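First the structure, in the form of structure tokens, and then the observations on it.
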Amino acid sequence: MMDLATILQILDSTVRLGTPLLLACLAGLFSERAGIFDIGLEGKMLMAAFFSGAVAAITGSVLLGLTAGVLSSLLLSAIHGAASITFRGNQLISGVAINFLASGLTVLIGQKWFQLGGRTPPLSGDGRFAPITLPFAETLREVPVIGPIYYELISGHSILVYVAFAAVPLSWWLLYRTRFGLRLRAVGENPAAVDTAGISVVRMRYAAVMICGLLTGLAGAYLATALSAGFVKEMTAGRGYIALAALIFAKWRPVPALGATMLFGLLEAIANRYQNIDLGGVVLPVQFMQALPYILTVVILAGFIGKATPPRAGGEAYVKER
Amino acid sequence: MAQAQTSERQATAAPAIELRGISKAFGPVQANKDISIRVMPGTIHGIIGENGAGKSTLMSILYGFYKADAGEILIGGTPVQIPDSQAAIRAGIGMVFQHFKLVQTFTVLENVVLGAEDGALLRPSLAKARASLQQLARDYELEVDPDAVVEELSVGHQQRVEILKALYRQADILILDEPTGVLTPAEADHLFRILRGLRAQGKTVILITHKLREIMEITDTVSVMRRGEMTATVTTAETSPEQLAELMVGRKVLLHVPKGPANPGAVVLSVEDLRMVDEDGVERLKGISLQIRAGEILGIAGVAGNGQSELLKILGGFGHGTGRITMNGVPVDLTGRSSDGQTSRAQGIAHVPEDRQHLGLIMDFTAWENVAFGYHHAPEYQKNALFMDNAALMAETQAKMERFDVRPPIPTLAAKNFSGGNQQKIVLAREIERNPDLLLVGQPTRGVDIGAIEFIHKQIVALRDAGKAVLLVSVELDEILSLSDRIAVMFDGRIMGERLPSETDERELGLLMAGVA
Amino acid sequence: DPAIIFDLGGKFDKSFNEAAFNGAKRWADETGGSFKELEMQSEAQREQALRRLAEAGSNPIVMTGFAFGDVLNTVAPDYPDTKFAIIDMVVEQPNVKSVVFTEEQGSYLVGMLAAMASETGTVGFIGGMDIPLIRKFACGYVQGVKAVNPDATVIQNMTGTTPAAWNDPVKGSELAISQKSQGADVIYAAAGGTGLGVLQAAADQGILSIGVDSNQNHLFPGKVLTSMVKRVDNSVYEAFIDGDALEPGITVMDLASEGVGYALDENNEALITAEMKAAVDDATAKIASGEIAVHDYMADNTCPVE
Amino acid sequence: MTRMPRWADVALIPLLNLVIAFAISGLVILAIGENPWAALKIMVTGALGSSYGWGYTLYYTTSFIFTGLAVAIASHAGLFNIGGEGQATLGGLGVALICLSLPWPHWSLALLAASLGAAAFGAAWAAIPAWLQAKRGSHIVITTIMFNFIALSLLNYLLGNVMRPARSMDPASARFPEGATLPTLNDMAAGLGFVWGKNTPANISLFIALLCCLAVWALIWKTRLGFQIRAFGKSEPAAVYAGINPVRITMYAMLISGGLAGLMAVNNVMGEAERLVLNAVEGAGFIGIAVALMGRNHPFGVLLAALLFGFLYQGGGELALWTTIPRELITVIQALVILFTGALDNMVRAPVERLFARRGAR
Ligand SMILES: Nc1ncnc2c1ncn2[C@@H]1O[C@H](COP(=O)(O)OP(=O)(O)OP(=O)(O)O)[C@@H](O)[C@H]1O
Ligand SMILES: Nc1ncnc2c1ncn2[C@@H]1O[C@H](COP(=O)(O)OP(=O)(O)OP(=O)(O)O)[C@@H](O)[C@H]1O
Ligand SMILES: [Mg+2]
Ligand SMILES: [Mg+2]
């Protein structure tokens, strides 16, 4: 049986590993809720990871790095927006292109700037997001059960982790309690209704795509400047796709998105910690744990566990005059 | 009293709406050509015209949905720019589109509030709208549950939501685009009561419809459109349906198709207790039984959406239902999961579907490919076990196009490049030339110009005279009355009754269509 | 010109490949010569890379990593006039020099240091790809730890079973944090680029780490206990110096020939006490003389200690 | 408005798209401080300047033809098969299992069996997403992406734990037996009595790829099944009206697509590596998307586009070898080609259409 310390350690790792998924998943949520499918999350995250790592390495300031990362992700979002909103191109193809663009450009630019084979120099000091110790963490530490949970699990993460968790209720509130959210959801369900209500479909969709860029930017920056200390080639390692899977798992809703991403984070944490898992006779190879998020997503998509219905106008450009 | 008020306003006030020289082209299609029109406040103004005449386009321009290529809009006498719907709403215009613009997954309240919110936060807007909806419901008989999700509402209620949307935005001018096409007669009457109420409140209504009866019943003035142009505007009281029809199509309308008496033979198709439940669990066919004999045309009348489409689909072999069907005396399974369009074709059933652009044709396919479409298994179209005989198909298509006067007779032209009437002729050529025992035809002349209508009607009658059975589904009572040898009326998934055309009239059929037996 | 091909971790992995690169650079700096270099991006490119260099007339061609073994076996006979050198793998071809290291010996030494530096009696090992070569590191390390403190616990983790395991710093850091929570206070990373994550996390968590292949002490001064250095640089340098006169056959680089060892420099001198140094130097001498036999995992694919 | 002539649609617009993509690629090369012209020269000489270069260019081309056709045929059925990567991976598994199962007496037998195995495994990997799409409406783009990852994990497991020969450290299968060695183009030229390069991997599967082009062309435009696939791809409701079974057509189209993607393994696994290694597909599944987009889903277009990408791939490898430009430049070019020929197509198309409209009006 696992002891509390082990469980806490795994959960702690879950939070760290789930955070980029959560940010990216919320990013995808805004975009897809507005009717713009985005399989380019991976690319945007990668680009943001690179620029945040690179700029933080050059300037020594993680905030400048974060800014650069977010800007780069916003730029890719703008390309996606132009392709899928302005030029009514295929959103899936645009997403694929963006993933390749990021995967190539990060190495190309990284090699040009640092000659480290696509890696950035390791970050230290102000070049990274330091863990934040929450108030009373030290004092409460000795209290049984609560103390370790507070100290190990809740306290001691980087600011971006707290931002990501705060983004969940904030997204919920924005989507379901504000005018902006109402319009955003409407534009993903029936853009013609939004248009005839006198609201610009194009502007709403760009807004959503840009929010998506902002959040993927944070996700990427977190990877390079908080979770690790610098950028490594292909460091997103499919996390953008996992976030997409989590989004489907969560049926395009913010609070379930938290659950889905943390579940996938947990799977990763377990796969990290144990090579193979012995379930009394049946040994689950680590590869199975790695594939589990994808398998679960397929099962969800197949409708065997509840039906995931995407926003109705999702993936389609809004065409008024043929 | 209302009448007096109206004439008083007409005398003093500027027109509520004035359009001057509006033109609009969609690519090669000139949808509106130099259109001018004046509508006085506190009146109901009708617009009629054939399909594709440009009615919806004109109104969409007024509502800022499309941008006119040229022309001027005046509201209450002052010129206004309406670049988008927001501007139209600000100018006091509301519109109920032919295809509703509702967010299906939202509640009524959310739909009403969308775009007319009071502030950045939703809660106060929703509260205000809720109160205001109660008021509107009382004033105009527009009851609808504000918390119902729109996709769960009936079409009639969805339309109310659209009207409420406009009224909530304090529209003084309300445009309704073919509002009764989807309504039962009772619902339509209710709608007209609402419109009269609006007029009494001094609001201006523009009503687009195809139904002359409605024009005569409710409008004060009426404009007629033809091929993108405004042909006339007349005072309703001073015109007649016959005159309007003539204005609409540009010549005297031949309401009667010359046809001899029918010689019904053996029963070709027999349907017993056909039932069908759709994906949402709604029963669309509630026990249909009918028979069609060789050499007769059975017309099915009914308001769209009462199960005719489902009936056609099942008989065409691609719907799932339960019941017993025999074709030429042989029981066939056209209702089960194993049936498909090939099964029915093999049984000698040909099918001209209601929606030719989405079902009957592949718009990107060439004419010859469309002639093979559905009959791609036919042995004469195969070169060998592996390949289709494209050359033979091409030649055959050429011949068919000439026989059916399809213009231009070019087999390699894509279907989308033919006009609507010619597209319909391609479908008819394909289906009729198979010489089927039973022809299913849905809305054969929808959106087809008058010349083509006569041709199509003649072909259908000729097929009957050749001893074949025809099942004709149409929402046009004229068409039903003039073509059918027998008429069955469908309402709410049932056959309400059967009549002989010589022994019935539009009034009686209209009652049956409304479910009044 | 000579040529060198780096394996998937990339030439700036601060570890194995970088050591090889340093050797090549030293040769270039000293002789003024130039060399071709290539980095592998994927398994599938190995053969083309080898052939391309051979076609272009490079000689000798040095490659870092066992993963080239199979491909080299088929390519070498096609280019009998070209000399090849492969590190960490034995390929028996008349024009191939195979360089192997006694990693178990170097790992034994750093294992001793780990045991002596540990306060908890628990130390960790994080390997890259789970292959016999890395087990060899682990086994030597455990033997060294137990030699100092037979009661010590060694927590062992491998990063993965594919070459991606060499280049996953995030996973490295998660594993290090996990080992720390299990009580480890010194962690030896034999995982290429993944090791950087281990060293990073150890430094963040305030525990010690041990680098590998290159001298990694400078990466986190005062936080890296030592590094198990493998003089890959020397073997590349020598191969380049030999040029086309490269002597085919198997070369074993061991403790005695200073092919492996532990790193002591200004970055870690405060961490290595005099008695630690004395104990390790003593063991070095005994291993070199054969008095201590460190078991080689790859000799029989087993390890006598856990 | 006169319609745009056909040549403009199939040639002019893709060409313009390509020019833009390459122009931007040139700027990228400039931006990283290299000379685009010099780079182009290295690429051209490296990929096309010698029989050695051709040997590799054609080798890559072969793979891209297969994956390009795979994407194209699915597109004709209105399906976006983004799972070529996974299907080709599984195709590799099929090839390996077959090649390792018997001491093949002659390559021709091995080729036949391995082709069947590759196609069957690739098709099987496409079958599940296809079935889920057809029966349960699961978005095939997402499921095929997921299946790419699952394929990777599966192969990782098999190569690491099951197929790796004892005492080998590589996550790779054993070498295939002698009898499973395919003749390369070099060998074939030698057999015909002239010398054409040596030691390059382009092999007999190039001809299988060309045959597949022809077969796909005939299938799509000359057969009933192709007719049904195209009809279904243009309009599903109409296809149902015509008695075309959507489930069956989705399955057929995806099985053929997956089979073609799987066939690629005959080239890279059997023809080149002669054992199964990790990531043998090297992104060719994704390049198939670019190839099909550029080739307008026409087998002949696919062939030309595959040749272009084969050139880019080999040329890019040469660049990485002789300059400091990393191989990833190719990824960038690939991205730009997909972006401009796919997603931003309208950016070029709309003005061109207007131009023709204006000319027609005059
Ligand atoms: N968005 C559009 N893009 C291109 N062409 C259009 C568009 N909307 C309408 N048209 C074309 O413009 C013409 C006028 O169409 P419109 O919808 O205004 O006719 P209508 O009079 O409302 O017909 P109906 O009675 O069928 O509703 C038709 O030829 C139609 O095909
Ligand atoms: N309606 C038909 N009339 C004549 N022959 C038919 C018909 N339907 C199918 N066939 C024959 O049945 C055999 C099977 O047809 P085919 O191989 O085209 O089926 P398929 O490709 O599975 O098509 P589908 O999906 O429409 O069933 C062929 O020999 C075909 O000619
Ligand atoms: Mg209309
Ligand atoms: Mg068939």
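Structure summary
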quantity	calculated
Estimated inter-spin distance, residue B:139 and residue C:277, nm [label 7 Å along Cα→Cβ]	9.5
Mean-position separation - Cα centroids, segment A:82-143 and segment D:165-243, in angstrom	39
GNM result for chain D, Cα springs below 10 Å: residue of D:191, D:258, D:49 fluctuating most strongly	D:191
Distance in nm between pseudo-label sites at residue A:282 and residue B:90 (7 Å out along the Cβ direction from Cα)	6.4
Segment B:8-249 - share of DSSP beta bridges that are antiparallel (%, nearest 5)	55
Theoretical FRET efficiency, 1/(1+(r/R0)^6), r = Cβ-Cβ of residue A:202 and residue B:36, R0 25 Å, to 0.05	0.20
Efficiency of FRET between residue B:478 and residue B:275 - r from beta-carbon atoms, R0 25 angstrom, step 0.05	0.20
Local net charge near residue C:124, Cβ-Cβ under 10 Å (Lys/Arg +1, Asp/Glu -1)	0
Signed unit charges on C-beta, dipole axis of segment B:8-249, positive-most listed residue B:167, B:78, B:115	B:78
For a label point 7 Å along the Cα-to-beta-carbon line of residue C:90, residues of segment C:263-306 with backbone N under 19 Å	C:294-303
Lysines with Cα under 22 Å of residue C:277, excluding same-chain neighbours fewer than 8 positions away	C:146, C:223, C:230, C:286
Tensor-based shape of segment D:154-274 (alpha-carbon gyration tensor, a/c under 1.5 rounded, otherwise prolate or oblate)	oblate
Length gained when the stretch residue C:300-residue C:30 is fully extended (0.36 nm per residue, less Cα-Cα span)	93.1 nm
Dipole magnitude of segment B:345-434 about its Cα centre (Cβ charges: Lys, Arg +1; Asp, Glu -1), debye to nearest 20	60
Cβ-derived FRET efficiency at R0 30 Å, residue B:333 paired with residue B:267, nearest 0.05	0.95
Cα-based shape type of chain D, given that a ≥ b ≥ c are square roots of the gyration tensor eigenvalues and the cut on a/c is 1.5	oblate
Residue A:166 paired with residue D:37, simple spin-label distance in nm, labels 7 Å along Cα-to-beta-carbon	5.5
Neighbourhood net charge (13 Å Cβ-Cβ; Lys/Arg +1, Asp/Glu -1) for residue C:248	-3
Where D meets C: accessible area buried, both sides, 1.4 Å probe, Å²	2700
Label point at residue D:45 placed 7 Å out along Cα→Cβ; residues across segment C:41-56 whose backbone nitrogen lies under 14 Å	C:56
Euclidean distance between Cα centres, segment D:285-346 to segment C:231-306, Å	47
Fraction of antiparallel bridges per DSSP, the protein assembly as shown only, in percent to nearest 5	45
Residue among C:84, C:66, C:101 with the largest mean-square fluctuation in a Gaussian network model of chain C, springs linking Cα atoms under 10 Å	C:66
Length gained when the stretch residue A:141-residue A:64 is fully extended (0.36 nm per residue, less Cα-Cα span)	24.3 nm
Lys/Arg +1, Asp/Glu -1 at C-beta; segment B:8-249 dipole; positive extreme among B:92, B:179, B:146	B:92
Size of electric dipole in the protein assembly as shown: Cβ of Lys, Arg +1 and of Asp, Glu -1, about Cα centre, debye, nearest 20	4420
Spin-label proximity, residue B:283 to segment B:490-506 - amide N less than 16 Å from point 7 Å beyond Cα toward beta carbon	B:491-496
Cα-centred dipole magnitude for segment B:8-249, charges only on beta-carbon of K, R (+1) and D, E (-1), debye, nearest 20	480
Under 13 Å, Cβ to Cβ, from residue B:263 - net charge with Lys/Arg +1 and Asp/Glu -1	+1
Centroid-to-centroid separation of segment A:189-258 and segment B:488-505 [C-alpha atoms, Å]	56
Potential lengthening between residue B:435 and residue B:238 on full extension [0.36 nm per residue; Cα-Cα distance subtracted]	66.0 nm
222 nm mean residue ellipticity, helices alone, for the protein assembly as shown (DSSP H n ≥ 4; -39,500 (n - 2.57); rounded to 500)	-16000 deg cm²/dmol
Shape call, segment A:4-241: gyration tensor on alpha carbons, a/c limit 1.5	oblate
Trypsin sites (Lys or Arg not before Pro) restricted to segment D:184-254 and DSSP loop, no more than 11 other C-beta within 10 Å	none
Contact order normalised by residue count of segment B:351-434, Cα under 8 Å, 6+ apart, percent	39
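The values are calculated or read from the model by the stated rules, or taken from the named source; none is laboratory data. Note that this is a predicted model, so its numbers are computed, not measured. Cβ atoms come from the backbone with ideal geometry, glycine included; neighbour counts cover every protein chain shown. Side chains are part of the model used for accessible areas, which takes the heavy atoms of the whole protein and leaves out ligands, DNA and RNA. Shrake-Rupley method; radii C 1.70, N 1.55, O 1.52, S 1.80 Å.
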